[in-house]
Amino acid sequence: MTQVHVLDHPLVQHKLTLMRKKEASTNSFRRLLGELASLMAYEVTRDMALSDIEIETPMETMTGKVIDGKKLVFVSILRAGTGILDGMLNVVPGARVGHIGLYRDPKTLVAVEYYFKMPQDMHERDVVVVDPMLATGNSAIAAVERIKELRPKSIKFVCLLTCPEGVAAMQKAHPDVPIYTAAIDRELNDHGYILPGLGDAGDRIFGTK
Ligand code: URA
C-alpha cells in the first residue's frame, strides 16, 4: 500500500494557501513554490542514509556524518516540475537531475512522452520524481514506469497538491512509491483539474495561458 505523507507543517500550509489565491502574481507564485519545495525536500530526504567520515575541525579530529553513496536524482516532469526542482536544488545542490517530457493529451488526458534524459548509473541512485499536481495520475504513473526500467534503488514522488483520484491511481499502479504532498484536495473535475486546487500549475509558474 502506498504511503502518503501530507506535509502539514504550518509554513507549508501557509505558503500553499497564498499560492492558491487567484490574485497571486506569477512572481509570488513562483517564489512561494520554490520556498515550499525547499521545505518538502527537507522532509523527503529525512531517511537518507549517512556514513561516518573523519574530519579535522580547527580544534580537533572528529567523526562527522555525510550522506552515503551515490547522489540523489531529482526527476522533473516537464514543464511544471521545474518549479519544484529549483527549490529542491537549493537544499540539495549536489543532486543529479533527470527530465522527462510528458504532455497531457487534452482530449484523452493520457500522458504522451516527448523527452527522456536521465543521469548515468540510475541503478545506484535514489530517485525523487517531482510534479506540482498529481491529478489523474497519468503523467506520474507513466514517468515512474519509465524510470523503473532503469532499476533505481528507490523512487519517491513529490507533488504540491493531489486529490483522492490521483492518490488511488498511483496506489494502484505503483504501490511501492511513497507520495509526499502538501494537501489532498476534494476532487478532480471532468477536465482533469483538481478542486479547489490552484488552477494550471504550469501556467501559473510561467505566466502563460
Ligand atoms: N494540472 C494542473 O496544472 N492543475 C490541475 O488542477 C491538474 C493538473
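The values are calculated or read from the model by the stated rules, or taken from the named source; none is laboratory data. All values derive from a computational prediction rather than experimental measurement. Neighbour counts run over all protein chains shown; Cβ positions are idealised from the backbone, glycine included.
Is it true that L102 is surrounded by fewer than 24 Cβ atoms within 10 Å (Cβ to Cβ), hydrophobic (A, V, I, L, M, F, W, C) and farther than 21 Å from T45 by Cβ?
Against the criterion (surrounded by fewer than 24 Cβ atoms within 10 Å (Cβ to Cβ), hydrophobic (A, V, I, L, M, F, W, C) and farther than 21 Å from T45 by Cβ), L102 qualifies.
Can you pull out every residue in the stretch 182-209 that is in a strand (DSSP E or B) and within 18 Å of the chain's Cα centre (by Cα)?
Those that are in a strand (DSSP E or B) and within 18 Å of the chain's Cα centre (by Cα): A183, I184, I194.
Quick one: in the stretch 165-190, of everything that is within 9 Å of the ligand (Cβ to nearest atom) and touching a residue at least 24 places away in the same chain (Cβ under 8 Å), which residue is nearest to R30 (Cα to Cα)?
D185
Out of the residues in the stretch 47-64 meeting the condition of being hydroxyl-bearing (S, T, Y) and not in a loop (DSSP other than H, G, I, E, B), tell me which one is nearest to V127 (Cα to Cα).
Once the filter is applied, the top-ranked residue is S51.
Can you tell me which residue is farthest from the ligand (Cβ to nearest atom) among those in the stretch 191-209 that are buried (at least 21 other Cβ atoms within 10 Å of the Cβ) and of a type in the set (A, V, I, L, M)?
Of everything passing the filter in the stretch 191-209, I205 is farthest from the ligand (Cβ to nearest atom).
In the stretch 150-164, which residue that is within 15 Å of L39 (Cβ to Cβ) and outside any loop (DSSP other than H, G, I, E, B) is farthest from the ligand (Cβ to nearest atom)?
In this case the residue turns out to be V158.
Considering the stretch 9-31 alone, what residues qualify as being touching a residue at least 12 places away in the same chain (Cβ under 8 Å) and under 19 Å from the mean Cα position of the chain (by Cα)?
Of everything in the stretch 9-31, those that are touching a residue at least 12 places away in the same chain (Cβ under 8 Å) and under 19 Å from the mean Cα position of the chain (by Cα) turn out to be H9, L11, V12, Q13, K15, L16, M19, R20, F29, R30.
Is it true that some residue in the stretch 42-62 is under 21 Å from D185 (Cα atoms) and surrounded by fewer than 17 Cβ atoms within 10 Å (Cβ to Cβ)?
Within the stretch 42-62, one or more residues are under 21 Å from D185 (Cα atoms) and surrounded by fewer than 17 Cβ atoms within 10 Å (Cβ to Cβ).
Which numbered condition trips up E145, out of (1) at pLDDT 95 or above; (2) in contact with a strand residue (DSSP E or B) (Cβ under 8 Å, 6 or more places away or on another chain)?
E145 satisfies every listed condition except (2).
Can you list residue pairs whose Cβ atoms sit under 8 Å apart, with the first residue in the stretch 77-99 being in contact (Cβ under 8 Å) with a residue 24 or more places away in the chain and assigned to a strand (DSSP E or B) and the second being among the aromatic types (F, W, Y) and surrounded by fewer than 23 Cβ atoms within 10 Å (Cβ to Cβ)? Count only pairs 6 or more apart in sequence or on different chains.
L78/Y115; H99/Y115; H99/F116
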